[in-house]
Amino acid sequence: MIGAPTRILLIRHGHHDPQGRFLQHECTGLDDLGRAQADRLARRLAATSDLIDLVLASRAARAHQTATVVAEALGSPEPDRTCDLCEMHPGAAEGLTYPDMAERFGPNYRSVPGAEYFPDWLPGAVARLRSLADRASGRAAALITHSGVIKASFAAFGRMDEPSAEAVVADNTAITEWSRSTDPDDPRSKVWSLVRHNDTAHLLTR
């Protein structure tokens, strides 16, 4: 709808137990705590279901399972899975523990074959988020993703050069929302506004 704001709700997946391993596409999904968190998130979003038009998820099982619970509560179709919402892929470190990775390749993803190192990954993540925002223009999109992508949103929408782990924290099922007017006569159509960050109010009530 012309003039309706674009609302991007970036939501971190529910809790999972990687058992100390780097897991992205090989993730086994939510644990009991994560499923409970996803249920509370879904019930909260369902209370304002008229505000959510689109649900997408990364390809990791923990994100897709969280998104599926949300979509069911909203009466939405099965959420699409997209690597546009994946955080850094571990490449050859997938399934390894940190000591295993450090011994074989080095202390971070920079030296891991096929892995994505955060400073190199960030520009592409910014471009992908902006593309998803264009796709959702004039609508509200719930994007179930990862902490790295939520950090990247502060560069994509908040003009932060390189968000740090200390500056941007995202808890499991926390909501970070960005909004922008689509009315060309509204000065707010030129910039994104941060509506809320790390919002976990649904986890604080029964």
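The values are calculated or read from the model by the stated rules, or taken from the named source; none is laboratory data. Values in this document were obtained by computation on a predicted structure and should not be read as measured data. Please note: Cβ atoms are built from the backbone with ideal geometry, for glycine as well, and neighbour counts cover all protein chains shown.
Among residues of segment 62-82 that are more than 15 Å from His146 (Cβ to Cβ) and of a type in the set (A, V, I, L, M), those with a beta-carbon under 6 Å from a residue that is modelled with pLDDT under 95 and assigned to a loop (DSSP other than H, G, I, E, B) at least six positions away or on a different chain give the pairs Leu74/Ile52. Determine if segment 170-178 includes at least one residue that is at pLDDT 95 or above, surrounded by fewer than 21 Cβ atoms within 10 Å (Cβ to Cβ) and not in a loop (DSSP other than H, G, I, E, B). Among the residues of segment 170-178, at least one is at pLDDT 95 or above, surrounded by fewer than 21 Cβ atoms within 10 Å (Cβ to Cβ) and not in a loop (DSSP other than H, G, I, E, B), which makes the answer yes. For the subset of segment 117-134 comprising residues that are out of contact with any helix residue (DSSP H, G or I) (no Cβ under 6 Å at 6 or more places or on another chain) and charged (D, E, K, R), which member is surrounded by the most Cβ atoms within 10 Å (Cβ to Cβ)? Looking at the filtered set, the residue picked out is Asp120. Note on segment 1-17: among residues that are part of a loop (DSSP other than H, G, I, E, B) and modelled with pLDDT of 95 or more, the one that is farthest from Ile150 (Cα to Cα) is Asp17. Only one entry in Ala92, Ala38 is in a helix (DSSP H, G or I), among the aliphatic types (A, V, I, L, M) and within 14 Å of the chain's Cα centre (by Cα), namely Ala38.
Per the conditions (1) hydrophobic (A, V, I, L, M, F, W, C); (2) buried (at least 17 other Cβ atoms within 10 Å of the Cβ); (3) more than 18 Å from the chain's Cα centre (by Cα), the sole criterion not satisfied by Leu54 is (3). For segment 187-206, filtered to residues that are farther than 19 Å from His13 by Cα and in contact (Cβ under 8 Å) with a residue 12 or more places away in the chain, the residue that is surrounded by the most Cβ atoms within 10 Å (Cβ to Cβ) is Trp192.
Say whether the condition of being among the basic types (Lys, Arg) and either modelled with pLDDT of 95 or more or surrounded by 17 or more Cβ atoms within 10 Å (Cβ to Cβ) (or both) is met by at least one residue in segment 148-165. Among the residues of segment 148-165, at least one is among the basic types (Lys, Arg) and either modelled with pLDDT of 95 or more or surrounded by 17 or more Cβ atoms within 10 Å (Cβ to Cβ) (or both), which makes the answer yes.
Scan segment 122-145 for residues that are in a helix (DSSP H, G or I) and under 23 Å from Ala67 (Cβ atoms) and the total you get is 12. Considering the conditions (1) in contact with a strand residue (DSSP E or B) (Cβ under 8 Å, 6 or more places away or on another chain); (2) surrounded by fewer than 20 Cβ atoms within 10 Å (Cβ to Cβ), Thr48 is excluded by exactly one of them, (1).
Would you mind stating whether Pro184 is out of contact with any Phe, Trp or Tyr (no Cβ under 9 Å at 6 or more places or on another chain) and modelled with pLDDT under 95? For Pro184, the condition - out of contact with any Phe, Trp or Tyr (no Cβ under 9 Å at 6 or more places or on another chain) and modelled with pLDDT under 95 - is met.
Counting just the residues of segment 1-35 that are charged (D, E, K, R) and crowded, with 19+ Cβ neighbours inside 10 Å, which one comes out farthest from the chain's Cα centre (by Cα)? Working first, answer last.
Our first condition is that a residue be charged (D, E, K, R); within segment 1-35, this holds for 7, 12, 17, 21, 26, 31-32, 35.
Checking the rest, the ones that are also crowded, with 19+ Cβ neighbours inside 10 Å come to 7, 12.
Values: Arg7: 14, Arg12: 5 Å.
Taking the candidates together, the pick is Arg7.
Yes/no matrix, rows are residues, columns are (1) under 26 Å from Asp31 (Cβ atoms); (2) of a type in the set (Val, Ile, Thr); (3) in a helix (DSSP H, G or I):
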| residue | (1), (2), (3) |
| --- | --- |
| Arg59 | yes, no, no |
| Arg62 | yes, no, yes |
| Gln65 | yes, no, yes |
| Ala73 | yes, no, yes |
| Met88 | yes, no, no |
| Met101 | yes, no, yes |
| Gly106 | no, no, no |
| Gly114 | no, no, no |
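Check segment 146-157 and report whether any residue there is within 28 Å of Gly20 (Cα to Cα) and not in a helix (DSSP H, G or I). Within segment 146-157, one or more residues are within 28 Å of Gly20 (Cα to Cα) and not in a helix (DSSP H, G or I).
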